[in-house]
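Here's the structure, in structure tokens; my notes come after.
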Amino acid sequence: KAGVTQTPRYLIKTRGQQVTLSCSPISGHRSVSWYQQTPGQGLQFLFEYFSETQRNKGNFPGRFSGRQFSNSRSEMNVSTLELGDSALYLCASSLKPGRWNFGAGTRLSVL
Amino acid sequence: ILNVEQSPQSLHVQEGDSTNFTCSFPSSNFYALHWYRWETAKSPEALFVMTLNGDEKKKGRISATLNTKEGYSYLYIKGSQPEDSATYLCAFRASGTYKYIFGTGTRLKVLA
């Protein structure tokens, strides 16, 4: 069974640009969550989607948005990038609450 | 704001040593506590799901205990091996929400 796939793996952008990250969950998993990890910080929760609806949202500015499609694939968008947005972005999918299967992450560098 | 803390932040042990670390979480409105292992350049991997006060879970040389009344969980590794080197994360879920709050992790390095 294929795992959670995140694309791209690495991304370099400049301040002010916008970026879209993609996550394909494990087949059959309807819940997808997104996390941000920066040096010295734990995984910071961004949002969670279930059946195309945002079920939970973390404390991030409105520049961070996401969506989920009918096939459970999810995208995360960050507009007007700032240097502080440089981080590893992890996506996780689950069949049952909390039993997260994580992807390998997208490492975003903002210059 | 719910706070989940892990200690120590990092740890170096010799191969064969046993070790343990702590995850502290709010003692009210507990629903579940999860442990993950995150090896460098890999994805976090689920270790344990703990839901009941007094829970003890074991997977090979790794075990975990849970005390929801005082708000902590311990992770133990018996006879550490170099392949145990990783960051160990705990994640707390309060009742009434699907949101998980992760600790900052304990980075373990086992020296051969």
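Structural remarks
- Residue within region A:1-9 that is open to solvent by 70 Å² or more (accessible area, probe 1.4 Å), hydrophobic (A, V, I, L, M, F, W, C), part of a loop (DSSP other than H, G, I, E, B) and farther than 26 Å from B:Leu33 by Cα present: yes
- For region A:13-25, filtered to residues that are in a strand (DSSP E or B) and farther than 14 Å from A:Leu88 by Cβ, the residue that is least open to solvent (accessible area, probe 1.4 Å) is A:Ser22.
- Among the criteria (1) within 13 Å of chain A (Cβ to nearest Cβ); (2) under 22 Å from A:Gly105 (Cβ atoms), the one B:Glu83 does not fulfil is (1).
- Looking only at region A:56-111, and only at residues there that are assigned to a strand (DSSP E or B), in contact (Cβ under 8 Å) with a residue 12 or more places away in the chain and open to solvent by 70 Å² or more (accessible area, probe 1.4 Å), the one that is nearest to the other protein chains (Cβ to nearest Cβ): A:Arg107
- Of the listed requirements (1) in contact with a Leu (Cβ under 8 Å, 6 or more places away or on another chain); (2) assigned to a loop (DSSP other than H, G, I, E, B); (3) more than 11 Å from chain A (Cβ to nearest Cβ), B:Gly16 misses just one: (1).
- Residues satisfying the criterion are absent from region A:33-45 (criterion: surrounded by fewer than 21 Cβ atoms within 10 Å (Cβ to Cβ), part of a loop (DSSP other than H, G, I, E, B) and away from chain B (no Cβ under 14 Å)).
- Selected residue [more than 10 Å from the chain's Cα centre (by Cα), surrounded by 14 or more Cβ atoms within 10 Å (Cβ to Cβ) and more than 12 Å from chain A (Cβ to nearest Cβ)] from B:Pro26, B:Pro44: B:Pro26
The values are calculated or read from the model by the stated rules, or taken from the named source; none is laboratory data. None of the values given here were measured: they were computed from a predicted structure. Counting neighbours? That spans all protein chains shown, and the Cβs are built from the backbone with ideal geometry, glycine included. Please note that ligands, DNA and RNA were not included when accessible areas were found on the heavy atoms of the full protein model with its side chains. Shrake-Rupley method; radii C 1.70, N 1.55, O 1.52, S 1.80 Å.
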